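K.L.:
My structure is below; once you've seen it, I'll send some questions.
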Amino acid sequence: MGLLLILVLIFSIMISYIRARGEALKIDIRIGIFPRAVRIILWGGWLFFLPYKNLIIYLIVIMLIGVFITTIQRFIYGITKK
């Protein structure tokens, strides 16, 4: 579970980093299935599911898949618009 959390954090940071690098290159990168608002809601959702350990793992896996897909979407979009 710890490795999954670390991967979620890394990809969440990469989403913001790719957007910032795109803005520095005058490319507006605001695409993806997990924008900042969704990520914040899911991070907060963990507090609600703390008593249910099995549900937290599913929430972490869903978030990992979402942030990974968003990172790839933004990366590809940035490369093709360059």
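FYI, it's all coordinate maths here, none of it is from the lab. Since we're looking at a predicted model, the values are computed, not measured. Neighbour counts are summed over all protein chains in view; Cβ atoms, including those assigned to glycine, are modelled from backbone coordinates with ideal geometry.
K.L.:
Just need the relative contact order of the chain here, percent rounded to a whole number, with Cα pairs under 8 Å and 6+ apart. Mind showing how you got there, number by number?
P.N.:
On the way: 65 pairs, mean separation 40.8, N = 82.
That works out to 50 percent.
K.L.:
Going by how many other beta carbons lie within 10 Å of each one, how would you line up Leu50, Leu4, fewest first?
P.N.:
Arranged by neighbour count, lowest to highest, Leu50, Leu4 become Leu50, Leu4.
K.L.:
Another question, if that's okay. Looking at the stretch 11-65, which trypsin sites (Lys or Arg not before Pro) are DSSP coil and have at most 13 other C-beta atoms within 10 Å of their C-beta?
P.N.:
Numbers: sites: Arg19, Arg21, Lys26, Arg30, Arg36, Arg39, Lys53; in loops: Lys26, Arg30.
Listed in order of number, the matching sites are Lys26, Arg30.
K.L.:
If you filter the stretch 17-78 for chymotrypsin sites (Phe, Trp or Tyr not before Pro), then keep DSSP loop positions with at most 11 other Cβ within 10 Å, what is left?
P.N.:
Values: sites: Tyr17, Trp43, Trp46, Phe48, Phe49, Tyr52, Tyr58, Phe68, Phe75, Tyr77; in loops: Tyr52.
Taking the stretch 17-78 and a limit of 11 other Cβ atoms within 10 Å, the loop chymotrypsin sites (Phe, Trp or Tyr not before Pro) found are Tyr52.
K.L.:
Which value, in debye to the nearest 20, gives the size of the charge dipole of the chain about its Cα centre, when Lys and Arg are +1 and Asp and Glu are -1 at the Cβ?
P.N.:
Numbers: 10 positive and 2 negative charges, 55 e Å.
Computed charge dipole of the chain: roughly 260 debye.
K.L.:
Using the Karplus equation 6.51 cos²θ - 1.76 cosθ + 1.60 (θ = phi - 60°), what ³J(HN,Hα) coupling, rounded to whole Hz, does each residue of the stretch 19-30 give in order, writing x for Gly and Pro?
P.N.:
Karplus values, whole Hz, x for Gly and Pro: 5, 5, 5, x, 5, 5, 9, 6, 10, 8, 10, 10.
K.L.:
Right, here's the next one. Using the 10 angstrom Cβ neighbour count as an exposure proxy, how do Met63, Met1, Met14 rank, fewest first? Show your work: numbers first, answer last.
P.N.:
Numbers: Met63 23, Met1 10, Met14 17.
If I rank by nearby Cβ atoms, fewest first, I get Met1, Met14, Met63.
K.L.:
Under the rule of -39500 (n - 2.57) per DSSP H run of 4 or more residues, summed and divided by the residues of the chain, what mean residue ellipticity at 222 nm is obtained, to the nearest 500 deg cm²/dmol? Numbers along the way, then the final one.
P.N.:
On the way: 3 runs with 66 residues, N = 82.
Taking each H run of at least 4 residues, the total per residue is -28000 deg cm²/dmol.
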